[in-house]
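Visitor: The following block contains the structure, expressed as structure tokens.
The values are calculated or read from the model by the stated rules, or taken from the named source; none is laboratory data. What you see is a predicted model; the values in this text were computed from it and never measured. Cβ sites come from the backbone with ideal geometry, for glycine too, and all protein chains shown count toward neighbours.
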Amino acid sequence: MTSPNGSSSEELLPSTRRTLLHRIATAQAEGRTPSFVAAVQREGQPVWNGARSCVEGHDPDADTQYRIGSLTKTFTAVLVLRLRDEGILDLDDPLEKHLPGTGVGDVTVFQLLGHSGGLAAESPAPWWERTPGTVRPELADVLGAQPRTQSAGRVHHYSNPGYTLLGALVEAVRGASWDEVLRQELLEPLGMHRTTTQPVAPHAGGWAVHPWADVMLPEPAEDLGLMAPAGQLWSTAADLLRFAAFLTEGDEKVLSAESVREMRVPAASLPADDWGSAYGLGLQIVRRDGRTLIGHTGSLPGFLAALWICVEDDVAAVALTNATSGPLAAAVAADLVRIVADAEPRIPAPWRPLPEVDSELLALTGSWYWGTHAYVLKVVADRGVELQPLRGVGRGARFRSRPDGTWTGLDGYYAGETLRVVRNSDGAVDHLDLGSFVFTREPYDPGAAVPGGVDAEGWRGLAI
């Protein structure tokens, strides 16, 4: 790892390290922020961190705490998904089933996680980010007299009170405070000992910088009370890189890789093919520089934060600053990912054969036809398969193996759908059934059970 001034680390080229340092130095100088700290991780290992400060000789480092605002929501989402994975709740459950009496109990857990519950963006006045949580001692105070702005399930509408409800849900089910559950079930298992609900030295102070003069004003750092699950946490660049590694690969001590991947899927319909941003389950999803980034941004008076991960390149970046406005941490963190991924592209792991061969599964590989559309089925690790159109046009998907000999679609049109092998009475493969669609070895194979049958005269030319 590098020193606070951005030097050292042989894992990145000197030119890359200097470009990273230049980016954050420019952000601090042009953005007029008291301090700025950033860090980069590649293939799960920290490879660089750097910082700038307005006080010479007092640069922060990767162990300095900053408030991370709405990045807290991702932590809360992980706790909720743990409850789902334990079978305690279902994401389609209405809130009322586990947390009665809120007045918005018909909203589902899934809708709250993805901000499609129709709830208001903020709690009623006074401004919750700059007032103590004691102002809102009950959930009714957080939700107010009109907690909804629209019907549930229609559109994505970001809601801070929605994550207050999720935090209350965790408390109700676990029988312990949100911060206690967070510490025991997430922070301690991941080794995130410098992520806390209250600041612990060394930590930065929050500042407001005057928009038209080079002067500053300290910002209050309030305990948000019931709003804590939406934005309370303090963390460090080093801890957030640990969290990035978890969000990339999962960790069985906290949440499986499969559940982490589920968090990265857009929870509401996308507006168009050229979408630039979406929201999963506690994770923001953005497209930048031809890449898809997952993570979250955060802001509270006096602080800006961002964590972005490019899973494909296996590069993550954190940007933290202690100013109410100024250099957008989100843009800087995205730029740090781009700098590393472009300058030093990921070197693929060596190709290796599968550890074992299943002759029956191997016999299913090769060409299949949905009507006259040509597809290819390939075998991948853990008895999984991929079914992709031969010419790149059509509905392809990856499938995860089930114990019963079928497969479940993981992405695209066939996400969640079942692929199964249909055999004749003698055990020979007749066709593949994918959500009722029939795939045969030949286009409209006359020997297979094709719905509607196949013309007995077969294929023909045009008689003139």
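Visitor: Would you check if residue 149 is closer than 13 Å to residue 116 by Cβ and among the β-branched types (Val, Ile, Thr)?
Guide: Values: closer than 13 Å to residue 116 by Cβ: yes; among the β-branched types (Val, Ile, Thr): yes.
For residue 149, the condition - closer than 13 Å to residue 116 by Cβ and among the β-branched types (Val, Ile, Thr) - is met.
Visitor: Starting from residues that are in contact with an Asp or Glu (Cβ under 9 Å, 6 or more places away or on another chain) and closer than 15 Å to residue 72 by Cβ, keep the ones in the range 198-227 and report whichever is surrounded by the most Cβ atoms within 10 Å (Cβ to Cβ).
Guide: For the range 198-227, the residue satisfying everything is 227.
Visitor: Given (1) within 17 Å of residue 232 (Cα to Cα); (2) hydrophobic (A, V, I, L, M, F, W, C); (3) not in a helix (DSSP H, G or I), where does residue 165 come up short, assuming only one miss?
Guide: With (1) within 17 Å of residue 232 (Cα to Cα); (2) hydrophobic (A, V, I, L, M, F, W, C); (3) not in a helix (DSSP H, G or I) applied to residue 165, the lone miss is (3).
Visitor: Let me ask you something else. Inspect the range 185-198 for any residue being part of a loop (DSSP other than H, G, I, E, B), more than 30 Å from residue 256 (Cα to Cα) and of a type outside the set (Ser, Thr, Tyr) and give the result as yes or no. If you could, list the steps in order and put the result at the bottom.
Guide: From the range 185-198, those part of a loop (DSSP other than H, G, I, E, B) are 188-195, 197-198; that's our starting set.
If we keep only those that are more than 30 Å from residue 256 (Cα to Cα) as well, we get none.
No: the range 185-198 contains no residue that is part of a loop (DSSP other than H, G, I, E, B), more than 30 Å from residue 256 (Cα to Cα) and of a type outside the set (Ser, Thr, Tyr).
Visitor: May I ask you to verify whether residue 195 is surrounded by 21 or more Cβ atoms within 10 Å (Cβ to Cβ), within 30 Å of residue 64 (Cα to Cα) and among the hydroxyl-bearing types (Ser, Thr, Tyr)?
Guide: Values: surrounded by 21 or more Cβ atoms within 10 Å (Cβ to Cβ): yes; within 30 Å of residue 64 (Cα to Cα): yes; among the hydroxyl-bearing types (Ser, Thr, Tyr): yes.
So residue 195 passes the test.
Visitor: Counting just the residues of the range 388-447 that are polar (S, T, N, Q) and part of a strand (DSSP E or B), which one comes out nearest to the chain's Cα centre (by Cα)?
Guide: Here the residue is 408.
Visitor: For the range 1-43, name all the residues that are in contact with a Leu (Cβ under 6 Å, 6 or more places away or on another chain) and either part of a loop (DSSP other than H, G, I, E, B) or at pLDDT below 95 (or both).
Guide: Of everything in the range 1-43, just one residue is in contact with a Leu (Cβ under 6 Å, 6 or more places away or on another chain) and either part of a loop (DSSP other than H, G, I, E, B) or at pLDDT below 95 (or both), namely 6.
Visitor: Show the residue pairs that are 6+ apart or on different chains and have beta-carbon atoms under 6 Å apart, the first residue being within the range 443-457 and more than 18 Å from residue 374 (Cβ to Cβ), the second being outside any loop (DSSP other than H, G, I, E, B) and not hydroxyl-bearing (Ser, Thr, Tyr).
Guide: The qualifying pairs are 449/430.
Visitor: Here's another thing I want to ask about it. Hey, among 169, 187, 119, 91, which residue is of a type in the set (A, V, I, L, M), crowded, with 19+ Cβ neighbours inside 10 Å, within 20 Å of the chain's Cα centre (by Cα) and assigned by TED's automatic domain parsing to the domain that holds residue 225? Steps first, answer last, please.
Guide: Values: 169 fails: within 20 Å of the chain's Cα centre (by Cα); 119 fails: within 20 Å of the chain's Cα centre (by Cα); 91 fails: crowded, with 19+ Cβ neighbours inside 10 Å.
Of 169, 187, 119, 91, the one residue that is of a type in the set (A, V, I, L, M), crowded, with 19+ Cβ neighbours inside 10 Å, within 20 Å of the chain's Cα centre (by Cα) and assigned by TED's automatic domain parsing to the domain that holds residue 225 is 187.
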